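Asker: One structure is given below, represented as structure tokens, and several questions about it will come after.
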Amino acid sequence: GLFGVPELSCPEGFQEAQDRALQESEQLVQKACSTPPGPETVKIFDQLSDTLCRVADLADFVKIAHPDFAFREAAEEACRNIGTVVEKLNTDVELCQSLRRLLADEVVMSSLDPETRRVAELFMFDFEISGIHLDEEKRKKAVNLNVRILDLCNEFLTGTHLPNKIDKHVLPEHIRYNFTAEGNYLQVAGLHADCPDDLVREAAYKIFLYPNAEQLSRLEELLASRNSLAQLVGYDTFAHRALQGTMARNPETVTQFLEKLSDQLSKRTQKDFEMMTKVKSKLNAQNSKLMPWDHPYYSGVLRAERYNIDPGLYCPFFSLGACMEGLNSLFSQLLGISLYAEQTQRGEVWSEDVRKLAVVHETEGWLGYIYCDFFQRPDKPHQDCHFTVRGGRLRENGEYQLPVVVLMLSLPHSTRSAPTLLSPGMMENLFHEMGHAMHSMLGRTRYQHVTGTRCPTDFAEVPSILMEYFANDYRVVNQFARHYKTGQPLPKNMVSRLCESKKVCAAADMQLQVFYAALDQIYHGKHPLKKSTTEILKETQEKVYGLPYVPNT
């Protein structure tokens with residue numbers, strides 16, 4: 001069965017796994033309600049959370065990544081059902097009472113260790129942001145809103161990946177071959193951001209981002225529902241509710257930070273845009289005005305021109321094998337950890353090219369498992385990400401439940417003449433995702449509720465960003481980058497050029513992220529929104545990002 005879960009040898013097994021989890025959770029709820037206040041209460045809550053998360057987290061991954069539609073559909077259904085139960089438990093008054101009794105008992109609370117106290121408070125926080133203090137009718141309304149929001153999120157995210165079709169005669173003949181043909185139509189499935197032809201990027205941008213009425217109404221309903229939920233449970237805006245448990249704490253701090261950052265960036269961003277405009281006018285005399293579809297492409301051209309960093313020169317030094325050896329050696333030196341390939345059982349993985357790694361510490365032994373789903377395949381989403389499939393925790397029998405994670409990338413397959421070769425960007429992404437995996441392995445806590453990457457969302461990226469710094473340091477790269485044919489190490493000047501090139505257009509790249517963040521804050525800020533989501537996008541893009549908004553996108 002998938003991930004070694006026996007029921008999951010077929011899609012129907014999700015129903016079985018879900019039913020078992022729900023049955024166990026009912027027993028745990030009864031146990032929590034009848035247990036006198038003490039550390040045992042927190043253990044039961046954590047066991048309850050683990051029972052539901054073990055199915056929901058696994059299903060969360062399968063619904064996105066499994067090649068078989070029947071598995072994806074069954075996983076989606078399990079996610080929805082368990083999500084609904086979680087929302088109901090978060091508004092279960094009797095269950096909350098058992099935790100309240102513990103938190104109100106000063107003698108017992110002062111006898112708990114800091115970790116147990118913190119986890120008890122976090123469980124209470126979940127009750128509070130779900131509206132436990134409301135009357136029964138409003139609590140029901142909160143549950144329904146939460147379930148509706150889950151559905152809208154899924155529908156909206158699915159919609160963002162769908163290609164747009166256009167009559168092929170609308171596009172000039174010489175660029176049609178860039179898109180997939182379907183009879184008289186062409187399918188545009190992405191932005192083609194790396195294409196050297198300005199016209200192809202422009203067409204892809206305008207067609208792929210063409211307004212879709214269903215998507216827009218989903219987005220508006222999603223934002224309105226999130227706002228209703230936040231106000232129902234006592235927050236001014238959804239941003240206030242979402243940020244309460246983070247390091248930033250509130251939207252005011254975030255907005256202040258973004259404004260400060262934007263002020264510091266503005267002169268440098270302008271300079272970056274001027275440099276890109278120069279390159280564009282040199283290569284394209286007719287139209288040198290910089291547009292949103294130009295930024296990713298021309299910043300790449302500038303990097304390549306200034307530092308001669310054609311990815312083709314670097315790829316031969318970054319074979320997947322060499323990069324994995326590099327990570328293994330880095331973890332061994334820094335953390336005393338080694339990665340070992342493990343044989344998988346029949347039906348344990350969802351594609352035959354998935355590899356399973358055991359993470360082993362030199363004195364503490366096994367720390368957990370990483371499933372590496374690294375290669376492209378049809379229908380696989382093009383996003384690099386890390387999924388927790390099972391969190392670590394101390395079990396009732398005194399054994400440690402080992403964490404299980406998946407790293408998903410979209411690397412090219414090896415060919416007859418060459419192994420899988422990574423561009424510098426792919427290599428950096430691999431290091432980034434491995435940072436998340438190590439966070440999951442090393443964040444060993446007694447309770448799964450706070451294990452690994454289950455931490456404030458704005459802290460979750462720290463270990464992974466840290467890994468990017470290692471990927472850009474000659475002392476690290478020099479240890480593993482070897483030409484796959486000759487074994488020759490990557491010359492030092494090539495590493496320095498690569499690291500220096502990262503600074504080219506860095507301000508404009510960061511300004512784009514500031515724009516996304518600012519837009520997110522406005523969408524989840526005060527409602528009703530003063531304008532449509534698209535008008536807000538236009539206004540924020542021109543004010544914060546600086547490149548013109550393109551009508552009908």
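Asker: For region 2-133, just the Cα set please: Rg and Dmax, both in angstrom.
Answerer: Cα radius of gyration and Dmax of region 2-133 are 16.7, 54 Å respectively.
Asker: Here's something else I'd like to know. Charges only on Cβ, +1 for Lys and Arg, -1 for Asp and Glu: so what's the dipole of region 304-451 about the Cα centre, in debye to the nearest 20? Don't skip to the answer; put the middle values down first.
Answerer: On the way: 12 positive and 16 negative charges, 59 e Å.
Result for region 304-451 is approximately 280 debye, rounded to the nearest 20.
Asker: A further question follows. Between V147 and K271, what's the calculated FRET efficiency when r is the beta-carbon distance and R0 is 45 Å? Round to 0.05. Write down the numbers at each step before the final one.
Answerer: Details: r = 49 Å, r/R0 = 1.08.
Plugging the Cβ-Cβ distance into 1/(1 + (r/R0)^6) gives 0.40.
Asker: Beyond 11 Å, what share of the Cα-Cα pairs of region 210-251 is found? Please give it as a whole percent. Don't skip to the end; give the middle numbers.
Answerer: Values: 558 of 861 pairs.
When every Cα pair of region 210-251 is considered, 65 percent fall beyond 11 Å.
Asker: Here is a follow-up. Go through S34, S440 and list them by solvent-accessible area, largest first, probe radius 1.4 Å. List each step's numbers first, then the result.
Answerer: Working: S34 90, S440 10 Å².
Greatest to least solvent exposure: S34, S440.
Asker: From the cross-link list K63/K380; K88/K141; K88/K140; K260/K526, which pairs have alpha carbons spaced over 18 Å apart?
Answerer: Working: K63/K380 11 Å; K88/K141 11 Å; K88/K140 8 Å; K260/K526 21 Å.
From the list (K63/K380; K88/K141; K88/K140; K260/K526), the Cα-Cα distance tops 18 Å for K260/K526.
Asker: Something else about it: Just to make sure I understand: if all protein chains stay in place, what is the order of E221, E396 by accessible area at 1.4 Å, largest first? Could the numbers behind the result be given before it?
Answerer: Values: E221 75, E396 115 Å².
My answer, sorted largest first, is E396, E221.
Asker: Taking the 0 to 90 degree range and rounding to the nearest ten, how far is the long axis of helix 462-471 tilted relative to the main principal axis of the chain, both from C-alpha atoms?
Answerer: 40 degrees
Asker: Return the long-range amide H neighbours of L367 (sequence gap of 5 or more, or a different chain), with a cut-off of under 5 Å between placed amide H atoms.
Answerer: The list, which skips near neighbours in sequence, is V359, V360, H361.
Asker: Please get the size of the charge dipole for region 233-342, origin at its Cα centre, with Cβ charges of +1 on Lys and Arg and -1 on Asp and Glu, quoted in debye to the nearest 20. List each step's numbers first, then the result.
Answerer: Numbers: 12 positive and 11 negative charges, 104 e Å.
With Lys and Arg at +1 and Asp and Glu at -1, about 500 debye.
Asker: Next up: So how much accessible area does E220 have, in Å² to the nearest 10, using a 1.4 Å probe?
Answerer: For E220, solvent-accessible area is about 90 Å².
Asker: Next question. Quick one: Cα centre-to-centre distance for region 181-256 and region 309-370, in angstrom?
Answerer: 34 Å
Asker: For region 221-307, treating each Cα as an identical point scatterer without solvent, what Debye log10 I(q)/I(0) comes out at q = 0.19, 0.26 1/Å?
Answerer: Log-scaled intensity ratios, in q order: -0.84, -1.19.
Asker: Also: At 1.4 Å probe size, with the rest of the protein present, what percent of the exposed accessible area of region 315-489 is carbon and sulfur atoms? Could you put the intermediate results ahead of the total?
Answerer: Values: 4190 of 8130 Å².
The C+S portion of the solvent-accessible surface of region 315-489 is 52 percent.
Asker: Next question, about the same structure. With every protein chain left in place, what is the accessible area of E214 in Å² (1.4 Å probe, nearest 10)?
Answerer: Its accessible surface works out to 120 Å², give or take rounding.
Asker: Which value in nm describes the separation of the simple spin-label points at K502 and T253, placed 7 Å from the Cα toward the beta carbon?
Answerer: 2.7 nm
Asker: Please work out how much length the chain gains when fully extended from E535 to A304, using 0.36 nm per residue of separation minus the C-alpha to C-alpha distance, in nm with one decimal. Show your work: numbers first, answer last.
Answerer: On the way: separation 231, 0.36 × 231 = 83.16 nm, distance 3.57 nm.
Working it through step by step, the gained length comes to 79.6 nm.
Asker: Sticking with this structure for a sec: If R₀ is 25 angstrom, what is the calculated FRET efficiency for the pair D353 and T486, using the beta carbon separation as r and rounding to 0.05? Before the final figure, lay out the partial values.
Answerer: Details: r = 27 Å, r/R0 = 1.07.
Efficiency at R0 = 25 Å is approximately 0.40.
Asker: Next up: Treating only the Cβ of Lys, Arg, Asp and Glu as charged (+1, +1, -1, -1), what charge dipole size does the chain show about its Cα centre? Round to the nearest 20 debye.
Answerer: Numbers: 60 positive and 73 negative charges, 343 e Å.
The calculation lands at about 1640 debye.
Asker: So, one more: Provide the gained length on full extension for the span V462 to Q333, in nm with one decimal, where the gain is 0.36 nm per separating residue minus the Cα-Cα distance. Please report the intermediate quantities before stating the final value.
Answerer: Details: separation 129, 0.36 × 129 = 46.44 nm, distance 1.99 nm.
Gain on extension, V462 to Q333, equals 44.4 nm.
Asker: So which lysines can K267 reach, going by Cα to Cα under 18 Å and dropping same-chain residues fewer than 8 places off?
Answerer: By straight Cα distance, K267 reaches K278, K503, K543.
Asker: Tabulate in residue order the Karplus-calculated ³J(HN,Hα) for region 103-110, using 6.51 cos²θ - 1.76 cosθ + 1.60 with θ = phi - 60°, rounded to whole Hz; enter x for Gly and Pro.
Answerer: 5, 7, 8, 4, 4, 5, 4, 6
Asker: Something else now. Give me the distance between the Cα centres of region 380-443 and region 464-489, rounded to whole Å.
Answerer: Going from one Cα centre to the other spans 18 Å.
Asker: Let me ask something else. Give me P(r) over region 278-370, computed from all C-alpha to C-alpha distances, binned every 10 Å, as integer percentages.
Answerer: 13, 25, 20, 18, 16, 7, 0
Asker: Rounded, prolate or oblate: which one fits region 315-489, using the alpha carbon gyration tensor with axes a ≥ b ≥ c (rounded when a/c is under 1.5, else prolate when a/b beats b/c, else oblate)? Each step should come with its number before you reach the end.
Answerer: On the way: a/c = 1.73, a/b = 1.45, b/c = 1.19.
Prolate, since a/c reaches 1.5 and a/b exceeds b/c.
Asker: For E136, project a label point 7 Å along Cα to C-beta. Then give me every residue of region 85-120 with its amide nitrogen under 18 Å of that point.
Answerer: It comes to 88-97, nothing else.
Asker: Any chance you could list P(r) for region 311-362, counting all Cα-Cα pairs in 10 angstrom bins from zero, rounded to whole %?
Answerer: 21, 37, 32, 9
Asker: Could you pull the accessible area for T51 with a 1.4 Å probe, rounded to 10 Å²?
Answerer: Counting only protein heavy atoms, T51 exposes about 10 Å² to solvent.
Asker: Oh, and also: Hey, quick one: spin label on T158, modelled 7 Å out along Cα-Cβ, who in region 195-227 has an amide N within reach, i.e. under 14 Å?
Answerer: 215, 218
Asker: Once label points are set 7 Å from the Cα along Cα→Cβ at both Y400 and T363, what is their separation, rounded to one decimal in nm?
Answerer: Reported label-point gap for Y400 and T363 is 1.3 nm.
Asker: Continuing with the same structure: Evaluate the distance, in nm, between pseudo-label points positioned 7 Å from the Cα of D473 and of D379 along their respective Cα→Cβ axes.
Answerer: Simple spin-label model gives 4.3 nm for this pair.
Asker: For helix 198-208, what angle does its Cα long axis make with the longest principal axis of the chain, in degrees from 0 to 90 and rounded to 10?
Answerer: Around 30 degrees separate the two axes.
Asker: Could you calculate, for region 61-173, the ratio of the Cα radius of gyration to the Kirkwood radius, expressed as Rg to Rh? The partial results should precede the final answer.
Answerer: Values: Rg = 21.6 Å, Rh = 17.6 Å.
My calculation of the ratio gives 1.22.
Asker: For region 117-262, what is the per residue volume of the convex hull drawn over the alpha-carbon atoms, in cubic angstrom?
Answerer: Details: hull volume 24.8 nm³, N = 146.
Cα convex hull per residue, to the nearest whole number: 170 Å³.
Asker: Something else about it: If the viscosity is 1.306 mPa s and the temperature 10 °C, what translational diffusion coefficient in µm²/s does Stokes-Einstein give for the chain when Rh comes from Kirkwood over Cα pairs?
Answerer: Working: Rh = 26.2 Å.
In µm²/s, the coefficient is 61.
The values are calculated or read from the model by the stated rules, or taken from the named source; none is laboratory data. What you see is a predicted model; the values in this text were computed from it and never measured. Reconstructed Cβ throughout: ideal geometry from the backbone, glycine too, with neighbour counts over all protein chains shown. Only protein heavy atoms, including side chains, enter the accessible area calculation; ligands, DNA and RNA are left aside. Shrake-Rupley method; radii C 1.70, N 1.55, O 1.52, S 1.80 Å.
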